[in-house]
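Please read the structure below before turning to the comments.
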Amino acid sequence: MTAWQELGPGARRGEAADRGRPEPRPAAARHAPAPAEAAGPTAVGRATAGPEPATPWPGSWQPLGARFRTDPAGNRGTNFALWAAGAEAVDLCLFDEDGRESRHRLTEQNFQIWHGYLPGVLPGTRYGFRVHGRWDPWTGARWNPAKLLLDPYARAVDGRYLAHDAVCGSVRNWPEREVADTVRDNRDSAPYVPKGVVVHDDDDWYDDHRPKTPWAETVLYELHVRGFTMRHPGVPPELRGTYAGLGHPAAIEHLTGLGITAVELLPVHQYADEDHLQTRRLTNYWGYNTIGYFAPHAGYSSSGSRGQQVGEFKRMVRALHAAGIEVILDVVYNHTAEGGELGPTLSMRGIDNAGYYRLPLNRRRGYADYTGCGNTLDTRQPQVVRLITDSLRYWVTEMGVDGFRFDLAAALARGSDGVEMHHPFLAAVSQDPVLSRVKLIAEPWDVGAGGYQVGGFPPLWAEWNDKYRDTVRDFWRGARPDVRELGYRLSGSSDLYQRGGRRPYASVNFITAHDGFTLRDLVSYQHKHNEANGEDNRDGTNDNRSANHGAEGESTDPAVRALRRQQLRNLLATLLLSTGVPMLTAGDELGRTQGGNNNAYCQDNEVSWLDWSLLEDPGWRSLRDLTARAIRLRREHPVLRQRAFFSGRATTPGGRPDLAWFTAQGREMTEADWFAPTASLGMLLSGTAMSERDQHGGPLRDDSFLLLLNAAARPVLFTLPGRPHGELYETVLDTARTDRPDPATGRGAAQVTAPPTPPPTAPSADPYAGQPAGPYAAQTQLPLPGPSLHLLRLLPAPTNGLHHP
């Protein structure tokens, strides 16, 4: 076989005929001559030759992957099993401490699984596979034994992918670019790719106690394992940026102090850095480029990458569980790091390309891309569904996690005719005795036609609700002409989730996430500033729904700074007092900024890492304390986190309804009011009209609350509603004042200096001057500064001590 030779006219071509007519093959691709010279780790022009393969014992076809075991006779070794349906042969490749490779032919095959047992192969051994078969990209066949392949079931991974043309199965720099992906590259890829590691499953969870927090009581906190602790002064330097660092008491103390019940970790599956990032000396910081679905990313391990990362991850989970915090993983099963036709051959492309990936019906050499990342895993294939569900169960049963957030989940539910909510993958998850009992969160869209599916997923699934994000952003920046949609978002988004037996907690409410502006940047920048990413500021969305409040970026103007901090308090309080499941983004409660970068996926530096020194600023401490206070209110009052949708009706004759809406004049909203231009809204939640029952079957009762919002620049006099809704009110939380006492503790909300002077658009006099926190009688006109949020608790009928501003 000549250099980079492609199997031309001798290759079988009929496989694609029944799925669409294959493209004609250019003569240049069928009879590709060898280039004059090339660089590579082995002799160019020859398939790399290894030692004569040694034959392992037969072993077992299940479970898949590498499983170390000791037999009854005391013999220790490892069983290897790889699904490779169309392969003609499979070599197991072992690597010693010096990187020398030995190959062992797996001769046993059952149910399309190649398997064998090697005595003496112990935990810590590095391995990979070379898979033999047809090279015929025109029908989707891309087998190339020159490429060392990572086991899709590897439980630990050592080493990282180094961008090199030898890792590509075809010749990237072939002169005829349009057929470059059809010309096979025979250079050995082993020096440039990660290897699997044999792991000893010697752990159990007998001493672990899962928090099992109900959905309605959940407060999510999206964080990056590395970025959360890289600058944390309380975490030892050698542990910063690692699983051990996140499990350190100093890191956990911040989470428990806020009242967080679950961390949602950005991807921790083993991932690879894209070629274009390596060229620019950047990395894929976020990790949405997975290559190993069973392996915790080795780059986050402080203890080593030869299996030690597995134990370290488990200890992190235990520490979080002990603090009452669940662990949710952000998982990327929609695509892999192998990219498109000219992407690297790292694993599945070389094992069975057509068996793992969606290939277009009439262009089998290409990839159907519903992810924007070059490829899409084909969840119509039973083996792909098995891979994903095996991975999910592994992370629950053996790694201890409590749930998953599925990146671009609509891509996982794509059938032959679009997104299908009865898809085999969704059905497999819903009936699985393990997976159906953990938290499942969908990012309910992908980039393909018909991919936007917010509100469309079946029961058991919660969803990232981007309609909530957009509506709340627009309201507080004054971009909404009325409050119609805001009413739905504050009360659980019944228009999206009430049908099909779902509950308000199907809505994961968020204002910011890892992609997009931080909360501070949302109120400081009108436009993105992504120049550091090296893409001429083309990357990242332009639909930010942000406002800079008078200056682009950081400002020294006291009025601008005061208004921005006021808006941060408004946004956080709105999120935490809305019905549904709130999700905070790590650092928003500290005033974290990325300098206007709304796509910091490749910024593994101070741009993305949390700056804990912000807590030295009394103003940012105040924001953290307000966040903790709102979370505590939510935890203590079930009326703020209801499990059932509101009916708008009273449960007793003459009583108040479970939910009522008010204009600033103190009267209930009419249909005309919902369509009228306004920037203010009142929402009364009745704790005496809840439809829920307590654990003994009795009616659940709680305090009642009136939430007032004013997004206008100037104050609004809000008339407090009278009977049957309320008679007496007291302030519980007020974003316009950080110096008022906390009713729960008797202390100041933040015990810090008062906020700076109000901006020029606000009245020169403080509308609260000399005004106590109540109680206020019904029909009192309460001045609501603009913009601000005010939460009041309804009290029993008045006797004395009323305050009328």
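The values are calculated or read from the model by the stated rules, or taken from the named source; none is laboratory data. Quantities reported herein were computed from a predicted structural model and do not represent experimental measurements. Every residue, glycine as well, gets a Cβ built from its backbone with ideal geometry; the counts of neighbours run over all protein chains shown. Surface accessibility is based on the protein's heavy atoms, side chains included, excluding ligands, DNA and RNA. Shrake-Rupley method; radii C 1.70, N 1.55, O 1.52, S 1.80 Å.
State yes or no: is residue 530 in contact with a His (Cβ under 8 Å, 6 or more places away or on another chain) and either open to solvent by 10 Å² or more (accessible area, probe 1.4 Å) or on the phi < 0 side of the Ramachandran plot (or both)?
Numbers: in contact with a His (Cβ under 8 Å, 6 or more places away or on another chain): no; either open to solvent by 10 Å² or more (accessible area, probe 1.4 Å) or on the phi < 0 side of the Ramachandran plot (or both): yes.
No.
So how many residues does the stretch 355-398 have that are open to solvent by 30 Å² or more (accessible area, probe 1.4 Å) and within 24 Å of residue 179 (Cβ to Cβ)? Before you say what the answer is, go through the steps one by one.
Pass one, the stretch 355-398, residues open to solvent by 30 Å² or more (accessible area, probe 1.4 Å): 360-364, 369-370, 372-373, 380-382, 386, 390, 393, 397-398.
Next, only the ones that are within 24 Å of residue 179 (Cβ to Cβ) stay: 360-364, 369, 373.
Selection size over the stretch 355-398: 7.
Restricting to the stretch 612-622, name every residue that is open to solvent by 40 Å² or more (accessible area, probe 1.4 Å) and either part of a loop (DSSP other than H, G, I, E, B) or in contact (Cβ under 8 Å) with a residue 60 or more places away in the chain (or both).
Start the filter on the stretch 612-622 by keeping residues that are open to solvent by 40 Å² or more (accessible area, probe 1.4 Å), which leaves 613, 616-618, 621.
The answer is 613, 617, 618, 621.
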Practice task
Among the residues of the stretch 233-249, count how many are open to solvent by less than 20 Å² (accessible area, probe 1.4 Å) and over 21 Å from the mean Cα position of the chain (by Cα).
Solution key: 1
Exercise for the section: Starting from the stretch 73-89, take each residue that is among the hydroxyl-bearing types (Ser, Thr, Tyr) and list its partners that are not in a strand (DSSP E or B), counting only C-beta distances under 6 angstrom and pairs at least six apart or across chains. Expected result: 78/121; 78/198
Exercise for the section: Could you give me the residue pairs with C-beta distances under 7 Å whose first residue belongs to the stretch 554-577 and is farther than 10 Å from residue 523 by Cβ, whose second residue is of a type in the set (Gly, Ala, Ser) and surrounded by 21 or more Cβ atoms within 10 Å (Cβ to Cβ) wherever it lies, and which are 6+ apart or on separate chains? Expected result: 554/524; 572/630; 573/630; 576/630; 577/630
Practice task
Can you confirm whether the stretch 194-201 contains a residue that is open to solvent by 20 Å² or more (accessible area, probe 1.4 Å) and in a loop (DSSP other than H, G, I, E, B)?
Solution key: yes
Practice task
Scan the strands (runs of 3 or more DSSP E) fully inside the stretch 265-332 and keep the ones with 3 or more residues being in contact with a Ser or Thr (Cβ under 7 Å, 6 or more places away or on another chain) and open to solvent by less than 10 Å² (accessible area, probe 1.4 Å).
Solution key: 290-296
Problem - Residue, nearest to residue 314 (Cα to Cα), within the stretch 265-302, restricted to residues that are out of contact with any Cys (no Cβ under 8 Å at 6 or more places or on another chain) and β-branched (Val, Ile, Thr) - result: 268
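Scan the stretch 517-524 and give yes if some residue there is in a loop (DSSP other than H, G, I, E, B), on the phi < 0 side of the Ramachandran plot and among the aromatic types (Phe, Trp, Tyr), otherwise no. Can you show your working first?
Going through the stretch 517-524, the residues in a loop (DSSP other than H, G, I, E, B) turn out to be 517-518, 523-524.
From what is left, the residues that are on the phi < 0 side of the Ramachandran plot are 517-518, 523-524.
Narrowing further to those that are among the aromatic types (Phe, Trp, Tyr): 517.
Within the stretch 517-524, one or more residues are in a loop (DSSP other than H, G, I, E, B), on the phi < 0 side of the Ramachandran plot and among the aromatic types (Phe, Trp, Tyr).
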Problem - In the stretch 623-643, the residues that are under 25 Å from residue 694 (Cβ atoms) and either touching a strand residue (DSSP E or B) at 6+ places or on another chain (Cβ under 6 Å) or open to solvent by 20 Å² or more (accessible area, probe 1.4 Å) (or both) - result: 632, 635, 636, 638, 639, 641, 642, 643
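Just to check your reading of the model, which residue among 563, 568 is among the aliphatic types (A, V, I, L, M), open to solvent by less than 20 Å² (accessible area, probe 1.4 Å) and outside any loop (DSSP other than H, G, I, E, B)? Walk me through it before giving the result.
Details: 563 fails: open to solvent by less than 20 Å² (accessible area, probe 1.4 Å).
568 is the lone residue from the list that is among the aliphatic types (A, V, I, L, M), open to solvent by less than 20 Å² (accessible area, probe 1.4 Å) and outside any loop (DSSP other than H, G, I, E, B).
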Fill in the blank from the handout: Among 666, 682, 648, the single one that is within 36 Å of the chain's Cα centre (by Cα), on the phi > 0 side of the Ramachandran plot and open to solvent by less than 60 Å² (accessible area, probe 1.4 Å) is 648
Completion exercise
Within the stretch 71-99, restricting to residues that are farther than 30 Å from residue 356 by Cα and open to solvent by 80 Å² or more (accessible area, probe 1.4 Å), the one that is nearest to the chain's Cα centre (by Cα) is 97
Handout entry: Looking only at the stretch 254-264, and only at residues there that are open to solvent by 10 Å² or more (accessible area, probe 1.4 Å) and outside any loop (DSSP other than H, G, I, E, B), the one that is farthest from residue 383 (Cα to Cα)
Key = 257
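Looking at the stretch 333-354, which of its residues are charged (D, E, K, R) and open to solvent by 10 Å² or more (accessible area, probe 1.4 Å)? If you could, list the steps in order and put the result at the bottom.
In the first step, residues of the stretch 333-354 are kept if they are charged (D, E, K, R); the result is 338, 341, 349, 352.
Answer for the stretch 333-354, where residues must be charged (D, E, K, R) and open to solvent by 10 Å² or more (accessible area, probe 1.4 Å): 341, 352.
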Problem - Any chance residue 695 is of a type in the set (S, T, N, Q) and either touching a strand residue (DSSP E or B) at 6+ places or on another chain (Cβ under 7 Å) or touching a residue at least 40 places away in the same chain (Cβ under 8 Å) (or both) - result: no
